[in-house]
1. Which entries in the list A:48/B:68; B:68/B:191; A:132/B:148; B:28/B:73 go over 29 Å, if you measure between the two C-alpha atoms of each?
2. Relative to the longest principal axis of chain B, what angle (0 to 90°, nearest 10) does the C-alpha long axis of helix B:182-197 take?
3. With a 1.4 Å probe and all protein chains left in place, how much accessible area per residue does region B:258-378 have, in Å²?
4. Sorted by accessible area with a 1.4 angstrom probe, largest first, how do B:155, B:366 fall?
5. Using a Förster distance of 41 Å, how high is the FRET efficiency between residue B:315 and residue B:43, based on the Cβ-Cβ distance and rounded to 0.05?
6. Return the tail of the calculated pair distribution for region B:258-378, meaning the percent of Cα-Cα pairs more than 23 Å apart.
7. Over 10 Å intervals from 0, what percent of Cα-Cα pairs in the protein assembly as shown sits in each interval?
8. Using a 1.4 Å probe on the protein heavy atoms, what percent of the accessible area of the protein assembly as shown belongs to carbon and sulfur?
Amino acid sequence: MAGPGDDAFAHADIVRRLSGESRVGSLPVMSLRNAVAHRNLLYLLTLKELRTRYRKSLLGWTWSLLNPLSQMLIFSFVFLVAFKQSPPVGDPSGLEAFPLYFLAGLLPFQFFSISVTTSMGVVEGNASLIKKVSFPHEHLVFSVVLAQVITLVIELGVLSVALTIAGATVAPWLIVAVPLIALLMVFTTGVALALSAANVFFRDINYLWGIAAQALFYASPIIYTPDLIDIDALRALSNWGPTGSFVRAFHEVFYDNRMPSPERWAHLFVISFATFAFGSWVFGRLSYRFAEEM
Amino acid sequence: MTGQATALTVDGVSKTFKVHQERANSLKQYLAARGRNRYEEFYALRNVSFDVREGEAFGVIGHNGSGKSTLLKCMAGILRPNNGSITVHRRMSALLELGAGFHPELSGRDNVFLNASILGMSRSDITKRFDDIVEFSGLEQFIDTPVKNYSSGMYVRLAFAVAINVDPEMLLIDEILAVGDVTFQQRCMEKFVQFREEGRTLVLVTHDLSSVRNFCDRAIWLDHGEVSDEGSPTELVDKYTEAMLSNNVDEPLSEGARRGSGEIRVDRVEMFVDGLRVFRVRTGDSVTFRLHYTAREEVPPPVFAVELARLGGAIVTAPSSRDVDLRTGPVSGSGVVEIRMDDIALVPGPYAIHTAVTGYGRQHVYDHIQTALRFDVVGGDTQEVDGLVTMRPVWTIRGDSA
């Protein structure tokens, strides 16, 4: 296949082969290696994502804080005033503040849902780039998740200050939050890869996702506590559903200030990496056909 | 083969596209068809093989739809071939579209970094070459302005400056010479020449035959997805031009819209140059249009008229047999009408012939066909491209310093 032997040898690192047989679905490991190799592209795409997101809005970055705050006010009113529920008690933190409980669950969920929605939009929105330039498409998704995780970290930082003022001892638990956020990123990237690739072929995935995201929101214990549910199966779903499990872990770390159980960690670990493996497989299978489908 | 190393190998590449009769764009449609999408396979490339040697300028020519763009996209790694393989031995940069991936909200500086990294450059390389890029683009003053405020010329200049400074050992170019103003095109051309002199490899995919003839060392001719010929650009371009002009594919009468009472009808329209039936003519050719008509019944002396128009656009000329006082008796049966135009002064482009057969008062329409024939004019004895016709201008410039 190659030219004269010595030549091919000297340039082995830049020889690129495209053929019908090779490049079957990329394994997660491969796509991570790819991400590292193109880290400059990843960095710049993320920067672009961050810079352009609020470029045209008056309040800029503050929007990313205002949205959860306004939702906090609405849902706190519904939960505390309209339904007359008493706020969950943090164990062992002793907190009794529904708005903070709500935010501790909402922020990671919003990170997840916004990342997936934005990923679909970014892959679709870069059709002209995909059709004209050869580059690792998964970086579009990675850059969205990275940009969103920066927002999440800032939001959680603000929340931690509020929790500390309210009397919780969050600071020592922030170290536990790091692997938790990392797992959430892995999980989110998996879903985002699968759906943004599928959305290129079937544009209604976008709408279906809107509905699914809403179902997941209510299936997760964000605006309620699991013990308010009488039906065992539903309670289990809110506790151990994919997003519910993450929300519970964030509650435990930020609101309750305790270590999530080993079962919880194991569960999160398995669903995150299984989802990521599936998402990478789907994306790897479909992405080489993006240019002709768009 | 000379002793030179190979820069790019294309080996038995085929690429098919699915032509969907009913394309399932939504999940519902897809499920309704139970996953069976009805489609036909269309071969855009069929078993294409060639080598590009190191340091040569290689041209790929072919008419629209010959598979040129597909081949280019396969070489650039954007499309994946169904069969065969493409091996790239050199660091390659493909210029398919300048500024693909520029983000309007970001400054020129940020876009340079982003675009160059998309093209595969590392951060330190970009930093090193940043000044060169800005200098080549000539946009020092505007580099921190968002590119949405750039004129299209500035946009292209910056994009080209990035693309050229990726420092590829091999450059893949797609019709790129056709963008920007003349000065800019010249700078691109100079850059390409410089590239070649530095011993780098260039692959030029185009239907601009003159750039292939002037610039390339070797070329292939792609026809209906297959390599039809390979050789020296001069020979190939001549053969190609010849084939394009005497293309005897019998296109059916493309009936755009037909109206009229129908007692007499135009059956088909043909076009001849030097007695040969053609579908393409050169500017300046002597062209004869032949209208075949059939009258179902005897009709009083009719008027034949043609309108020569830019395809889908302005009418260039509309002569009729009445203009020249050509009178026939009552017409019946079938016959031909010939209209000869000795110097077809149309500038290159797609054109159409509309035909009309009317009563002598031109009020009663027997038959009117919109786009009875469509044909192309290719560059002949004029280099003009704008407007519709050439008036055979003769230029003189006088000035104090000349």
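The values are calculated or read from the model by the stated rules, or taken from the named source; none is laboratory data. Just so we're clear, the structure is a prediction, and the values are computed from it rather than from any experiment. No Cβ is skipped: glycine too gets one built from the backbone with ideal geometry, and neighbour counts run over all protein chains shown. Calculation scope for accessible area: heavy atoms of the full protein, side chains included, ligands and nucleic acids excluded. Shrake-Rupley method; radii C 1.70, N 1.55, O 1.52, S 1.80 Å.
1. Working: A:48/B:68 34 Å; B:68/B:191 23 Å; A:132/B:148 20 Å; B:28/B:73 32 Å.
Beyond 29 Å between Cα atoms: A:48/B:68; B:28/B:73.
2. 50
3. Numbers: 5590 Å² over 121 residues.
Value returned for region B:258-378: 46 Å² of accessible area per residue.
4. Values: B:155 70, B:366 15 Å².
Result, largest first: B:155, B:366.
5. On the way: r = 39 Å, r/R0 = 0.94.
The pair residue B:315/residue B:43 has a calculated efficiency of 0.60.
6. Details: 2003 of 7260 pairs.
That fraction is 28 percent.
7. Bins of 10 Å from zero give 3, 12, 17, 18, 16, 13, 10, 6, 3, 1, 0, 0 percent of pairs.
8. Details: 18430 of 33000 Å².
Carbon-and-sulfur percentage of accessible area, whole number: 56.
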